[in-house]
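Colleague: Okay, here's the structure, questions in a sec.
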Amino acid sequence: MATLTVEDDRRQVVIMGAGPAGLTAAYELMKHEIPITVVERDIGYVGGLARTVEHKGYRFDIGGHRFFSKNQEVEDLWTEILGAEMLTRDRLSRIYYRGRFFAYPLKAFNALWNLGLIEATRCMASYSRARLFPIRNPRSFEDWVRNQFGWRLYSIFFKTYTEKVWGIPTTELSADWAAQRIKSLDMWLLVKSMLLPHSKPTHRDDIVTTLIDSFRYPRLGPGQMWERVAEICKEKGQPVMFGQAVEKIKHDRGRVRSVTTRSTSGEVTEHAGTDFLSSIPMRQLIARLQPPPPDAVQKAANSLSYRDFISVALMIDRADVFPDNWIYIHDPSVRVGRIQNFKNWSPAMVPDQAKTCLGLEYFCFEGDGMWTSDDATLIKLATSELAQLGICTQDQVFDGVVVRQPKAYPVYDDSYQAHVDVVRDYLRTQLTNLHLIGRNGMHKYNNQDHSMMTALLVAKNIATGSSYDPWNVNAEAVYHEDVHVGEKDATGRQVPQRLAG
Ligand SMILES: Cc1cc2nc3c(=O)[nH]c(=O)nc-3n(C[C@H](O)[C@H](O)[C@H](O)COP(=O)(O)OP(=O)(O)OC[C@H]3O[C@@H](n4cnc5c(N)ncnc54)[C@H](O)[C@@H]3O)c2cc1C
């Protein structure tokens, strides 16, 4: 076993994971000339969930990654790292249902117009029924949405997609989540526009225009950002150590002393340090502590759960397939949940402008039937679903690649917060030089900017002696001084909660 030691009074920060959080911390610490060791399980990619996979010149994300933050510090950091390589892109994303595109976010007129006269009349009747005879004390997501929109609109626009993403029946998701997450369609405006025809949107473009906003995106996908930071680490003589999976985190007398990794060839290395940052999933981190923490902490960590994700990238022999960056697939007859069109994120994502690369996204659980299907079966499924949806013909698909992403979404069930608090309190009081950063590191269902901000604050604490609390970063990546340990989740991010009992 190789052992990498620390000279007596020198600081050495060991960073677990080279995703956006780990690499943001590395970048900030290098600015302060603090030595770092970054260990990454993957054998070649950096960026974690925000990596860009490459296949024969086609580049694709694990889900499309918009770069947008209300936090100017994060926006500035993206510019500092990639400069002119950051493109500003228009956004178009719609819902696809039974061969028609619907505005997203939903617009009442557009929705009913697209459904056609008969279905629209049924929807309005079902809506009126729901308003006249609402379910009293709605408890579930289904109760709440039915009360707001009626059964028919609920089943078309809410039920299928929500169940595809979370793998939980909408009867078991809480009404609170629906109430926070879904804005009411303005039915009064709709009725007014029908009675006063001049108030209708006059042209399809008018409808579409309202749905376009813009975001930034690296020319070669999100991975380009993190590949550049990894290059900088290398230039500074502190390259990311690839293919190094964290196996043990050794501690004694209230401090972590080293992290042991195993390479793909089985070689074991021990990395000593003075400070340790973890962006690896919280459940994994606790399981790797040596000696193990108290049973209650292990139990809390083991109770955290995740939703997993498969992306099937298909190469299509057609220049244009649809104009959106991505579309939501509400059709219940197919399993695909969302389709990305990477060329519409950046033309440089495809090597030949006469071709298209689509990413078909399937939400699943690690180990389920979808997850364990072989690649050829998944590519066949995705190809046939594209044809079934009328997006292209099967013979236009000339290549395909499958990417399985475990732990894509930390699940917020009704007890997750209590479990996270147990782990967090244990680490805060018992292992003061071990810091949690990022999305799965802190079990927070948040975007890159949030993950980066938590890492930036921890790195600043180490470098300058400041005492920011990364748990006080909210979903918009803004730091709030006035949230204290033990209070409810400050993220404000709305994710489903399973109904108790
Ligand atoms: C489908 C999808 C779409 C998204 N869309 C957007 C978007 O549009 N905009 C946006 O800003 N964000 C988006 N996000 C969120 C964004 O990807 C995350 O917030 C961000 O990647 C989290 O960064 P992180 O470094 O905390 O974690 P990760 O990206 O998960 O990185 C963790 C790293 O740790 C490594 N690791 C794990 N275990 C070990 C181990 N035992 N040993 C060593 N290394 C290990 C992993 O390989 C990985 O590289 C999306 C996420 C998903 C899943």
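The values are calculated or read from the model by the stated rules, or taken from the named source; none is laboratory data. No experiment lies behind these values; they were computed from the predicted model shown. All Cβ positions, even for glycine, are placed from backbone atoms using ideal geometry, and neighbour counts span all protein chains on display. For accessibility, only protein heavy atoms count, side chains too; no ligands or nucleic acids. Shrake-Rupley method; radii C 1.70, N 1.55, O 1.52, S 1.80 Å.
Colleague: Determine which member of the set GLU40, GLU33 is more than 14 Å from MET225 (Cα to Cα), within 11 Å of the ligand (Cβ to nearest atom) and either in the same structural domain as VAL240 (by TED's automatic domain parsing) or not acidic (Asp, Glu) (or both).
Modeller: Values: GLU33 fails: within 11 Å of the ligand (Cβ to nearest atom).
Of the residues listed, the single one that is more than 14 Å from MET225 (Cα to Cα), within 11 Å of the ligand (Cβ to nearest atom) and either in the same structural domain as VAL240 (by TED's automatic domain parsing) or not acidic (Asp, Glu) (or both) is GLU40.
Colleague: Give region 285-304 a look and list any residue that's of a type outside the set (Lys, Arg) and crowded, with 17+ Cβ neighbours inside 10 Å, or say none.
Modeller: Start the filter on region 285-304 by keeping residues that are of a type outside the set (Lys, Arg), which leaves 285-287, 289-298, 300-304.
Across region 285-304, the qualifying residues are LEU285, ILE286, LEU289, PRO293, VAL297, GLN298, ALA300, ALA301, LEU304.
Colleague: Yes or no: region 336-350 includes at least one residue that is assigned to a loop (DSSP other than H, G, I, E, B), surrounded by fewer than 19 Cβ atoms within 10 Å (Cβ to Cβ) and away from the ligand (no atom under 16 Å from the Cβ).
Modeller: no
Colleague: Has region 66-73 got at least one residue that is in contact with a Phe, Trp or Tyr (Cβ under 8 Å, 6 or more places away or on another chain), within 11 Å of the ligand (Cβ to nearest atom), of a type in the set (Phe, Trp, Tyr) and at negative phi?
Modeller: yes
Colleague: Would it be correct to say that TYR468 is among the hydroxyl-bearing types (Ser, Thr, Tyr), at pLDDT 75 or above and farther than 20 Å from LEU434 by Cβ?
Modeller: Details: among the hydroxyl-bearing types (Ser, Thr, Tyr): yes; at pLDDT 75 or above: yes; farther than 20 Å from LEU434 by Cβ: no.
Spelling it out, it is not the case that TYR468 is among the hydroxyl-bearing types (Ser, Thr, Tyr), at pLDDT 75 or above and farther than 20 Å from LEU434 by Cβ.
Colleague: Here is a further query. Surrounded by fewer than 17 Cβ atoms within 10 Å (Cβ to Cβ), of a type in the set (Lys, Arg) and within 11 Å of the ligand (Cβ to nearest atom): does that describe LYS234? Write out each step before concluding.
Modeller: Numbers: surrounded by fewer than 17 Cβ atoms within 10 Å (Cβ to Cβ): yes; of a type in the set (Lys, Arg): yes; within 11 Å of the ligand (Cβ to nearest atom): no.
So LYS234 does not fit the description; no.
Colleague: Tell me, please, whether a residue that is in the same structural domain as LYS250 (by TED's automatic domain parsing), more than 11 Å from the ligand (Cβ to nearest atom) and touching a strand residue (DSSP E or B) at 6+ places or on another chain (Cβ under 9 Å) can be found in region 436-455.
Modeller: First, pick out the residues of region 436-455 that are in the same structural domain as LYS250 (by TED's automatic domain parsing): 436-455.
Now narrow it down to the ones that are more than 11 Å from the ligand (Cβ to nearest atom): none.
No, that holds for no residue.
Colleague: Let me spell it out: the conditions are (1) open to solvent by less than 40 Å² (accessible area, probe 1.4 Å); (2) modelled with pLDDT under 95; (3) on the phi > 0 side of the Ramachandran plot, and ILE391 meets all of them except one. Which number is the exception?
Modeller: Evaluating ILE391 over (1) open to solvent by less than 40 Å² (accessible area, probe 1.4 Å); (2) modelled with pLDDT under 95; (3) on the phi > 0 side of the Ramachandran plot leaves (3) as the failure.
Colleague: Considering only residues that are crowded, with 18+ Cβ neighbours inside 10 Å and either at positive phi or of a type in the set (A, V, I, L, M, F, W, C) (or both), which ones fall in region 246-257?
Modeller: VAL246, ILE249, VAL256
Colleague: Here are some residues: PHE60, PHE109, PHE101. Which one is more than 16 Å from the ligand (Cβ to nearest atom) and in a strand (DSSP E or B)? Walk me through it before giving the result.
Modeller: Details: PHE60 fails: more than 16 Å from the ligand (Cβ to nearest atom); PHE109 fails: in a strand (DSSP E or B).
Going through PHE60, PHE109, PHE101 in turn, just one is more than 16 Å from the ligand (Cβ to nearest atom) and in a strand (DSSP E or B): PHE101.
Colleague: Given THR274, THR261, which one is surrounded by 15 or more Cβ atoms within 10 Å (Cβ to Cβ), of a type in the set (Val, Ile, Thr) and within 13 Å of the ligand (Cβ to nearest atom)?
Modeller: Values: THR274 fails: within 13 Å of the ligand (Cβ to nearest atom).
It is THR261.
Colleague: Checking the structure you have, find out if any residue of region 302-323 is more than 16 Å from the ligand (Cβ to nearest atom), assigned by TED's automatic domain parsing to the domain that holds VAL423, touching a strand residue (DSSP E or B) at 6+ places or on another chain (Cβ under 9 Å) and in contact (Cβ under 8 Å) with a residue 60 or more places away in the chain.
Modeller: No, there is no match, as no residue in region 302-323 is more than 16 Å from the ligand (Cβ to nearest atom), assigned by TED's automatic domain parsing to the domain that holds VAL423, touching a strand residue (DSSP E or B) at 6+ places or on another chain (Cβ under 9 Å) and in contact (Cβ under 8 Å) with a residue 60 or more places away in the chain.
Colleague: Let me ask you something else. Which numbered condition in (1) open to solvent by less than 10 Å² (accessible area, probe 1.4 Å); (2) within 16 Å of the ligand (Cβ to nearest atom); (3) in contact with a Phe, Trp or Tyr (Cβ under 9 Å, 6 or more places away or on another chain) is the only one that LEU360 fails?
Modeller: (3)
Colleague: Still on this model: Could we say that LEU386 is over 30 Å from PRO294 (Cα atoms), assigned to a helix (DSSP H, G or I) and more than 16 Å from the ligand (Cβ to nearest atom) here? Step through it out loud before you land on a result.
Modeller: Details: over 30 Å from PRO294 (Cα atoms): yes; assigned to a helix (DSSP H, G or I): yes; more than 16 Å from the ligand (Cβ to nearest atom): yes.
Criteria met by LEU386.
Colleague: From the list SER263, SER214, which residue is more than 28 Å from GLY64 (Cα to Cα) and either at pLDDT below 95 or in contact with a Gly (Cβ under 7 Å, 6 or more places away or on another chain) (or both)? Outline the logic, then answer.
Modeller: Values: SER214 fails: more than 28 Å from GLY64 (Cα to Cα).
None of the others qualify; the one that does is SER263.
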